[in-house]
Amino acid sequence: MPELPEVETIRAGLDVHLPGRAIVRAQVLHPRPVRSFSGTPVQFETTLAGRVFASPQRRGKYLWLPFEDGDALVAHLGMSGQFRIDTPDAELPRHARVVFSLDDDRQLRFIDQRMFGGLELASGGAVLPASVSHIVPDMFDSEFDEARTVERIRGSQSAIKRLLLNQRVVSGIGNIYADEALWQAGVHPETPANSLNVGQVKAVLDAAKNVMTTAIASGGTSFDALYVNINGDSGYFALQLNAYSRAGLPCSRCGTTMQRTPFMGRSSVFCPTCQRLQSAANS
């Protein structure tokens, strides 16, 4: 699933093209992506026609496209959701699901191979859609409260990585950037959060922001064609990974073989030398 850097890359690309553009026609090519809409796909098309886009917004991994009338189109990207800006004569991708014809003779295309994603019309959701309101501001948001976040993390006995993945504690981070941040900060992913001191938690958060800043500059992380930007280009942060997907390879800091361990139905990759497990007794 796209994490903050991938979603921000998409948001920034859309922000170049969408503000002020009106939808001339909406076409639902498959009903599943608009399954959250209360009416039929045809009614969805009718409801969207004539709307004018404002500047795209993001919180954590969540993206929405506000309209000038105060409503918004919330985009759930799921595992393979993509947006593309193209001309009508460009070949329509096989997995295109919804197409918006714009008033500048271009199209906004929503593509989703696996169809776990979708588009939701949020009434009055231009500033913050109700479906996103439970997500805390991410570290790039002016409303991010570092002191409060540190306090919440240190008040929990859960593993530090579990808290990094909790979008109600700190948003935008998924498995890739959690592994990368913990490696950079030298913290084992299963370290109980309440065993870390304030400086250690701040170091983890700083590492997460640094890693994601670098990833945004690289256009995000692409391992296959399921994540691309609005022009269909891949992100190149995979070339800079130090932990994620590097199990069995030497740690780029100390040379120790990186290890993989199961974690919450996924896995964590870490260096057993640089990231020693810390217990409450060591805090």
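The values are calculated or read from the model by the stated rules, or taken from the named source; none is laboratory data. Predicted model only: the values in this text are computed from it and were never measured. In this analysis, Cβ positions are derived from the backbone assuming ideal geometry, glycine residues included, and neighbour counts consider all displayed protein chains.
Observations on the model:
- Scope segment 15-33; condition among the hydrophobic types (A, V, I, L, M, F, W, C) and touching a Leu at 6+ places or on another chain (Cβ under 6 Å); matching residues: 23, 26
- Residue ranges of strands (runs of 3 or more DSSP E) in segment 93-154 with at least 1 members among the small types (Gly, Ala, Ser): 96-102, 118-122
- Filter result for residue 217 (among the small types (Gly, Ala, Ser) and within 18 Å of the chain's Cα centre (by Cα)): yes
- Subset tally (residues that are in a loop (DSSP other than H, G, I, E, B), of a type in the set (Gly, Ala, Ser) and touching a residue at least 40 places away in the same chain (Cβ under 8 Å)) for segment 155-202: 4
- The residues in segment 234-244 that are assigned to a loop (DSSP other than H, G, I, E, B), touching a residue at least 60 places away in the same chain (Cβ under 8 Å) and not aliphatic (A, V, I, L, M) can be counted, and the count is 3.
- Among the residues of segment 58-74, the ones that are in a loop (DSSP other than H, G, I, E, B) and either within 10 Å of residue 127 (Cα to Cα) or in contact with a Leu (Cβ under 9 Å, 6 or more places away or on another chain) (or both) come to 4 in all.
- Residue match in segment 188-195 (condition: out of contact with any helix residue (DSSP H, G or I) (no Cβ under 6 Å at 6 or more places or on another chain), among the small types (Gly, Ala, Ser) and surrounded by 18 or more Cβ atoms within 10 Å (Cβ to Cβ)): no
- Near pairs, Cβ below 7 angstrom, 6+ apart or cross-chain, from segment 26-53 (assigned to a loop (DSSP other than H, G, I, E, B)) to any residue that is surrounded by 15 or more Cβ atoms within 10 Å (Cβ to Cβ) and of a type in the set (Val, Ile, Thr): 29/98; 29/99; 49/23; 50/23; 51/23
- Top-ranked residue in segment 267-283 [being in a strand (DSSP E or B) and not β-branched (Val, Ile, Thr); ranked as farthest from the chain's Cα centre (by Cα)]: 270
- Candidates 226, 241, 205, 277: the one that is buried (at least 17 other Cβ atoms within 10 Å of the Cβ) and under 22 Å from residue 151 (Cα atoms) is 205.
- Annotation: of all residues in segment 70-84 being in contact with a Lys or Arg (Cβ under 6 Å, 6 or more places away or on another chain) and surrounded by 19 or more Cβ atoms within 10 Å (Cβ to Cβ), the one that is nearest to residue 106 (Cα to Cα) is 84.
- Options 19, 66, 2, 33; residue that is out of contact with any helix residue (DSSP H, G or I) (no Cβ under 7 Å at 6 or more places or on another chain) and modelled with pLDDT under 95: 2
- Residues of segment 255-266 satisfying the condition of being under 17 Å from residue 174 (Cβ atoms), without any contact (Cβ under 8 Å) to a residue 40 or more places away in the chain and either over 23 Å from the mean Cα position of the chain (by Cα) or surrounded by 12 or more Cβ atoms within 10 Å (Cβ to Cβ) (or both): 260
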